[in-house]
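Visitor: Dropping a structure here in structure tokens format, bear with me for questions.
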Amino acid sequence: MCGIAGKVGPGANDRALTERMCAVIRHRGPDAHGAYVAEGVALGIQRLAVIDTETGDQPIYNEDRSVVVVLNGEIYNYRELRDELIARGHNFMTRTDTEVIVHLYEEMGDRCVERLRGMFAFALWDCGRRRLLLGRDRVGKKPLFYREDNGRLWFGSEAKAILQDPEVPRRPDPAALDSYLQFHYVPPDQSAFAGLSKMAPGHTLSWQDGRVRTQRYWRLSYRDELAGIPEPELHELIREHLLEATRLRLRSDVPLGAFLSGGVDSGAVVAAMARQLSEPVKTFSVGFDVAEFDETAHAQTVADLYGTDHHQLRVEPDAISILPRLVWHYDEPFADHSAIPSFYLAEMTRREVTVALNGDGGDECFAGYRRYRAAAMTSRFAWIPQWMSGLGAHVIRTMGTGARQDTTRARISRVLEALATVPELRYASWVTYLDARARRELYTPEFLETLGNEQPGGMLVEPYLASDATSEVDRLLDVDVQTYLAGDLLVKMDIATMAHSLEVRSPLLDQEFMQMAAALPAEAKVRGATSKRLFKDALEPWLPQSILTRGKMGFTVPLREWFRGQLRDLPREILLDPCSLQRGLFRQASIERVIDDHLSGRCDTSNTLWALLQLELWMRKFIDGEIPTGPDADLS
């Protein structure tokens, strides 16, 4: 796991700039620094040594040094690829996984990514052709930002690396900010910085002679290829795939462990690890004193079952101290507040190990969110005329849905509103925090003018329409893999862990495992009120019923209570400060109403307050003043 950065094009051979670009992301790889600088090209790397700690420093070259690569991530099938390439006559100078990329490129060119099984973002320079190839893993585990301008290309694992070049302007992108306030994360096809882009997961990007070309090399297929197979055979198939995906992720030359939340997914990964390791698995959990947010008792159940070396930290999150660190590390506004416990968990885990496995991806593979059950139910009531559903939703809104968004009345209202909407726009209403009407009320006329014509459904429509899924549940899983997983969950975990130089591996996001899950019949994933049914049934030999049947608990913090308690003054101090108001983004009266509604208890606006705070602090850190080189504790 590492951090990479670089620049190609006229005048790109600036070693001092390359050093600055790498220095600002040193937390991603503190073990070694390397660079390749030649006429018109500079590649830099900060390395976290995990495989081949002795000879694996980067950049890595092929035999005649005509191809050079820097890699962020891990190639899990590198041993098999190495043996194959040696048999074809290639000579290896190291034992690192990175070296297979240069030799695969010699064999296959840009298609080398198709053979890589892992999480990665790499930059490869072909000296003879004077050509740069960027590659990103299939689901977007490893990030990669880039900028093109006047025939030049910048790239970096984090946006702040590119921003070290004084030629790169720092301006917010209004459309990205609008999307952020709608979904609480900047979508994976946008960047909060105007002029910067994110490389899409499952894509390559090539640069040559000032021209850029992108190409998609992978996407999931949701055709029910496993339909008709008896469920006991499917259970065995799931366990076999999980064991193999986990086995590949146990390859490490440094200590490793696992996150253990007490849920099904992390429990499944720990069970698969325990079956393949001769020593007890080191497991890590974070607990809170508020029972509603604490899962440590369930984590302890799994730890006791498998005799793990369990480490548990009980914390009282200090949002005031952690806010500046979150803002600096995340580079873009990021309002998923589960980033807070993730940050603490990574910090604790890094004291013991360098690599940790986790359960990310289980919900997106097997339909674990409540909204998938709603989708299955909605599809059964698609015969109801849209006008009737719209009338029912209007009646419930008139009656009021309560101060919280998780009441039964609020859920029924959302289902009726969805039925009154065309299918490709329904999902947006379920995953939107601030709808178009609420955002219009919040924005100033000047900010609204910069947005132009709003596109209903935003980023969700294209992947929905392009999916080959035949069921509504699978179609929404496809959408989430390409949007919510890539733009929120994987960003959250990558940044939280790499801030502490911790590598995290996700067996449930293995490409073979995901394709197997996608090919399962949708009705086996959700049945009635039970989500992830087939996965849970498959895990019955591995996990106790108390884990398999318990309700889903989010990995989060008590924001609602914070903003009525220890943080009650912070929104007013930050959001109504003249520095904030003079930006001209939001109406002062609207901000005051959001704050007063929460403090008075009229409704829970804590999520909106958190999103607005993250946005304003990001503005102060990355748009105002000097180019940031590190976090600080100043919220002024």
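The values are calculated or read from the model by the stated rules, or taken from the named source; none is laboratory data. Computed from a predicted structure; not experimentally measured. Every residue, glycine as well, gets a Cβ built from its backbone with ideal geometry; the counts of neighbours run over all protein chains shown. Ligands, DNA and RNA are stripped out before the accessible areas are found, and what is left, the full protein with its side chains, is counted by its heavy atoms. Shrake-Rupley method; radii C 1.70, N 1.55, O 1.52, S 1.80 Å.
Visitor: Where residues in the range 230-249 are surrounded by 15 or more Cβ atoms within 10 Å (Cβ to Cβ) and free of Cβ contacts under 8 Å to residues at least 60 places away in the same chain, which of them is nearest to Asp52 (Cα to Cα)?
Guide: The qualifying residue nearest to Asp52 (Cα to Cα) is Arg247.
Visitor: Let me ask something else. If Ile627 meets every condition in (1) more than 26 Å from Gly287 (Cα to Cα); (2) among the aliphatic types (A, V, I, L, M); (3) modelled with pLDDT of 90 or more apart from one, which number is that one?
Guide: (3)
Visitor: Here is a follow-up. Being in contact with a His (Cβ under 9 Å, 6 or more places away or on another chain), of a type in the set (A, V, I, L, M) and surrounded by fewer than 24 Cβ atoms within 10 Å (Cβ to Cβ) is true for just one of Ala466, Ala499, Ala519, Ala529. Which residue is that?
Guide: Ala499
Visitor: Among the candidates Val461, Val491, Val481, which residue alone is surrounded by 23 or more Cβ atoms within 10 Å (Cβ to Cβ), in contact with a helix residue (DSSP H, G or I) (Cβ under 7 Å, 6 or more places away or on another chain) and among the hydrophobic types (A, V, I, L, M, F, W, C)?
Guide: Just a single option satisfies the conditions, and that option is Val481.
Visitor: Report, by residue number, each residue of the range 288-338 that is among the acidic types (Asp, Glu) and either under 30 Å from Asp624 (Cβ atoms) or surrounded by 20 or more Cβ atoms within 10 Å (Cβ to Cβ) (or both).
Guide: Glu295, Asp318, Asp331, Glu332, Asp336
Visitor: From the set of residues in the range 190-219 that are free of Cβ contacts under 8 Å to residues at least 24 places away in the same chain and within 17 Å of Pro143 (Cα to Cα), which is surrounded by the fewest Cβ atoms within 10 Å (Cβ to Cβ)?
Guide: If we take residues in the range 190-219 being free of Cβ contacts under 8 Å to residues at least 24 places away in the same chain and within 17 Å of Pro143 (Cα to Cα), then Arg216 is surrounded by the fewest Cβ atoms within 10 Å (Cβ to Cβ).
Visitor: Based on what the data block shows, is Ser266 hydroxyl-bearing (Ser, Thr, Tyr), under 14 Å from Pro507 (Cβ atoms), touching a residue at least 40 places away in the same chain (Cβ under 8 Å) and crowded, with 20+ Cβ neighbours inside 10 Å?
Guide: yes
Visitor: Looking at the range 269-287, which of its residues are within 20 Å of Thr246 (Cα to Cα), in contact with an Asp or Glu (Cβ under 8 Å, 6 or more places away or on another chain), buried (at least 17 other Cβ atoms within 10 Å of the Cβ) and of a type outside the set (Lys, Arg)?
Guide: Just the residues of the range 269-287 that are within 20 Å of Thr246 (Cα to Cα), to begin with: 269-285.
When the remaining residues are screened for being in contact with an Asp or Glu (Cβ under 8 Å, 6 or more places away or on another chain), the result is 280-285.
Going one step further and asking which of them are buried (at least 17 other Cβ atoms within 10 Å of the Cβ), we end up with 281-285.
Hits for the range 269-287 are Val281, Thr283, Phe284, Ser285.
Visitor: In addition: Can you say whether Arg587 is over 30 Å from Val270 (Cα atoms) and open to solvent by 20 Å² or more (accessible area, probe 1.4 Å), as far as the supplied structure shows?
Guide: Here the answer is yes, as Arg587 does meet what is asked.
Visitor: Which residue pairs have Cβ atoms closer than 7 Å, lie 6 or more positions apart in sequence or on different chains, and pair a first residue in the range 463-475 that is touching a residue at least 60 places away in the same chain (Cβ under 8 Å) with a second residue that is among the charged types (D, E, K, R) and open to solvent by less than 30 Å² (accessible area, probe 1.4 Å)?
Guide: Filtered contacts from the range 463-475: Ser467/Asp478; Ala469/Asp478; Val473/Lys525.
Visitor: Condition (residue is closer than 20 Å to Arg251 by Cα and assigned to a loop (DSSP other than H, G, I, E, B)) applied to the range 105-115: is it met by at least one residue?
Guide: Taking every residue of the range 105-115 in turn, none turns out to be closer than 20 Å to Arg251 by Cα and assigned to a loop (DSSP other than H, G, I, E, B).
Visitor: Still on this structure: Only one of these conditions is not met by Asp596: (1) open to solvent by 50 Å² or more (accessible area, probe 1.4 Å); (2) part of a loop (DSSP other than H, G, I, E, B). Which number is it?
Guide: Asp596 satisfies every listed condition except (2).
Residue by residue, here is whether (1) over 22 Å from the mean Cα position of the chain (by Cα); (2) more than 27 Å from Glu364 (Cα to Cα) holds:
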position	(1), (2)
Trp542	yes, no
Lys552	no, no
Asp577	yes, yes
Arg583	yes, yes
Ala589	yes, yes
Arg593	yes, yes
Leu599	yes, yes
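Visitor: Report yes if Met553 is farther than 30 Å from Val24 by Cβ, at pLDDT 90 or above and not β-branched (Val, Ile, Thr), otherwise no.
Guide: Criteria not met by Met553.
Visitor: A further question follows. Does Leu575 satisfy the criteria of being over 25 Å from Arg314 (Cβ atoms) and either among the hydroxyl-bearing types (Ser, Thr, Tyr) or open to solvent by 30 Å² or more (accessible area, probe 1.4 Å) (or both)?
Guide: No.
Visitor: For the range 160-171, name all the residues that are open to solvent by 20 Å² or more (accessible area, probe 1.4 Å) and either under 21 Å from the mean Cα position of the chain (by Cα) or of a type in the set (Asp, Glu) (or both).
Guide: Glu167
Visitor: Would you list the strands (runs of 3 or more DSSP E) that sit entirely within the range 1-89 and hold 2 or more residues that are crowded, with 20+ Cβ neighbours inside 10 Å and either within 26 Å of the chain's Cα centre (by Cα) or among the aliphatic types (A, V, I, L, M) (or both)?
Guide: It comes to 2-8, 41-47, 67-75.
Visitor: Is there any pair with a first residue in the range 112-130 that is open to solvent by less than 20 Å² (accessible area, probe 1.4 Å) and a second that is basic (Lys, Arg) and at pLDDT 95 or above whose Cβ atoms are under 6 Å apart and which are 6 or more apart or on different chains, and what are they?
Guide: Going by the 6 Å Cβ cut-off, the qualifying pairs are Met119/Lys141; Met119/Lys142; Phe120/Lys142; Ala121/Arg136; Ala121/Lys142.
Visitor: Being under 25 Å from Arg550 (Cβ atoms) and in contact with a Lys or Arg (Cβ under 9 Å, 6 or more places away or on another chain) is the filter here; which residues of the range 307-342 pass it?
Guide: Thr308, Asp309, His310, His311, Asp336, Ser338, Ala339, Ser342
Visitor: Residues that are among the acidic types (Asp, Glu), part of a helix (DSSP H, G or I) and under 20 Å from the mean Cα position of the chain (by Cα): does the range 328-348 have at least one?
Guide: Yes, some residue in the range 328-348 is among the acidic types (Asp, Glu), part of a helix (DSSP H, G or I) and under 20 Å from the mean Cα position of the chain (by Cα).
Visitor: Looking at the range 506-515 only, could you name the residues that are under 14 Å from Ala268 (Cβ atoms) and either more than 15 Å from the chain's Cα centre (by Cα) or open to solvent by less than 10 Å² (accessible area, probe 1.4 Å) (or both)?
Guide: Those that are under 14 Å from Ala268 (Cβ atoms) and either more than 15 Å from the chain's Cα centre (by Cα) or open to solvent by less than 10 Å² (accessible area, probe 1.4 Å) (or both): Ser506, Pro507, Leu508, Asp510, Phe513.
Visitor: Taking interchain pairs and intrachain pairs at least six residues apart, which have beta carbon atoms under 9 angstrom, with the first residue in the range 301-316 and assigned to a loop (DSSP other than H, G, I, E, B) and the second of a type in the set (Gly, Ala, Ser) and surrounded by 15 or more Cβ atoms within 10 Å (Cβ to Cβ)?
Guide: What qualifies is Gly307/Ala274; Thr308/Gly257; Thr308/Ala258; Thr308/Ala274; Val315/Gly287.
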